[in-house]
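Peer 1: Below is the structure I would like to discuss, written out as structure tokens.
The values are calculated or read from the model by the stated rules, or taken from the named source; none is laboratory data. Just so we're clear, the structure is a prediction, and the values are computed from it rather than from any experiment. Because the Cβ atoms are built from the backbone with ideal geometry, glycine has one as well, and the counts that use them run over all protein chains shown. Accessible surface areas use protein heavy atoms only, side chains included; no ligands, DNA or RNA. Shrake-Rupley method; radii C 1.70, N 1.55, O 1.52, S 1.80 Å.
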Amino acid sequence: MGNLKKKIIGFVIMTMVTAASVSGCAGNSAGGGKKMLFCTYDLTDTFNAMLADGVSKAGSNAGISVDVYDGEASVTDQVNKVKKAKSEGYSAVIIRPVDASTALQIEVAAGDLPVVFINSQPDDSVLKKDKYVFAGSTETEAGELQAQWVLKKLNNPKSLNVVILKGEPGHAGTIGRTKAVKYTLKDAGVDANYVFVDYANWDTAKAASKIKTFLKTDQPYDVFFCNNDGMALGVIEALKNAGINPADVPICGVDATADGCAAIKAGEMSFTAMQNAEGQATAAIKAAMAMTKGQSITSLEGASSDGKYILVPFESVDSSNVSNYSK
């Protein structure tokens, strides 16, 4: 989608987030009067805004006040905000880190407050049972589902000319989804020729620009794998502007956003792996609540036995079931 549309969506959903946060203050009996910090960034991004809305609503439903901090896309900014969390009266921190590799810095900044990393997964070595945990999805699952769908759709081809558009450098979703596409194709015996692989930072306009340039090279292509729906929509835009029917080539995204599902209904996007923002948000709130009460997260749905993870599975969405996911 264009930047103006993204800003409008971000504003609308941020309004919803604010309302949810305020309503959470009104019913604190179940949450014991606690308030939590959700530290994120770039709420103009559709999925980020969905996640923030989900965290606020889940907190409100649990009787917890959640303050959403939409910071700069900067590690320093996030660390500085987390450092202030305890003195500002927060009982736990939920954070979508700018860079998952900086998780240790965030933990040091949080002091004795429990931390839930959401959506972007840090390395297992920095997680700690019932103290520093991850709530989200296994990112490799999204790439596996994309590649498996394409293999079935194209009747298990022996070779493919592949285009991959990646999200942010360093993001767990970028790394996991890209890696999984590659190893799934390799394990299936496909001779994959990666004709174009580049970052488009989750952004529709950037993706469209990258593909516009790629098309000028006249290289062959058989499939487009995109780390999110926004970039898949950019592929569609670039193809249409070049007079190419997007229905003629598999285009895969991730997230099952409203615009992504609409594109599948229109026959322009082929597949998306649904990332459940509401499910991740609810899991994060439940984990944070348990830890502030000195309880283990292991009894929660989707929790791992080591007390470090609560996992929410991805789901396959194409023309056969997209009506189940459309808002």
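Peer 1: Do we have GLN121 as at negative phi and surrounded by 19 or more Cβ atoms within 10 Å (Cβ to Cβ) here?
Peer 2: Yes; evaluated as a whole, the condition is true for this residue.
Peer 1: More than 22 Å from the chain's Cα centre (by Cα) and of a type in the set (S, T, N, Q), is that true of SER91?
Peer 2: Against the criterion (more than 22 Å from the chain's Cα centre (by Cα) and of a type in the set (S, T, N, Q)), SER91 qualifies.
Peer 1: Now for a different question. Scan region 166-218 residue by residue and report those that are touching a residue at least 40 places away in the same chain (Cβ under 8 Å), open to solvent by 50 Å² or more (accessible area, probe 1.4 Å) and of a type in the set (A, V, I, L, M).
Peer 2: Residue satisfying the conditions is ALA188 alone.
Peer 1: Let me ask something else. Among (1) of a type outside the set (Lys, Arg); (2) at pLDDT 95 or above; (3) part of a loop (DSSP other than H, G, I, E, B), where does VAL108 come up short?
Peer 2: VAL108 satisfies every listed condition except (3).
Peer 1: Just the residues that are more than 25 Å from THR44 (Cα to Cα) and not polar (S, T, N, Q), please, taken from region 198-239.
Peer 2: Selection gives PHE214, LEU215, LYS216, ASP218, PRO220, TYR221, ASP222, VAL223.
Peer 1: Also: Quick one: which strands (runs of 3 or more DSSP E) lie wholly within region 157-252 and hold at least 3 residues that are more than 16 Å from the chain's Cα centre (by Cα) and either closer than 18 Å to PHE271 by Cβ or of a type in the set (Val, Ile, Thr) (or both)?
Peer 2: 159-166, 191-199
Peer 1: List pairs: first residue in region 124-140 and open to solvent by 30 Å² or more (accessible area, probe 1.4 Å), second residue modelled with pLDDT of 95 or more and of a type in the set (Phe, Trp, Tyr) anywhere in the structure, Cβ distance under 7 angstrom, at least six positions apart or on different chains.
Peer 2: The qualifying pairs are VAL126/TYR132.
Peer 1: Another question, if that's okay. Quick check on my filter: what residues within region 98-118 are surrounded by 23 or more Cβ atoms within 10 Å (Cβ to Cβ) and in contact with a Pro (Cβ under 7 Å, 6 or more places away or on another chain)?
Peer 2: Scanning region 98-118 gives ILE106, PHE117.
Peer 1: When you check GLY267 against the structure, is it open to solvent by less than 20 Å² (accessible area, probe 1.4 Å), at positive phi and out of contact with any Gly (no Cβ under 8 Å at 6 or more places or on another chain), yes or no?
Peer 2: Against the criterion (open to solvent by less than 20 Å² (accessible area, probe 1.4 Å), at positive phi and out of contact with any Gly (no Cβ under 8 Å at 6 or more places or on another chain)), GLY267 does not qualify.
Peer 1: Which residue out of ALA290, ALA273, ALA256 is among the aliphatic types (A, V, I, L, M), assigned to a loop (DSSP other than H, G, I, E, B) and open to solvent by less than 30 Å² (accessible area, probe 1.4 Å)?
Peer 2: ALA256
Peer 1: Regarding ALA147, is this residue crowded, with 23+ Cβ neighbours inside 10 Å, under 24 Å from ASP42 (Cα atoms) and hydrophobic (A, V, I, L, M, F, W, C)?
Peer 2: Judged against the criteria, ALA147 is not a match.
Peer 1: Take the residues in region 45-66 that are assigned to a helix (DSSP H, G or I), of a type outside the set (Gly, Ala, Ser) and touching a Ser or Thr at 6+ places or on another chain (Cβ under 8 Å); name whichever of them is most open to solvent (accessible area, probe 1.4 Å).
Peer 2: MET50
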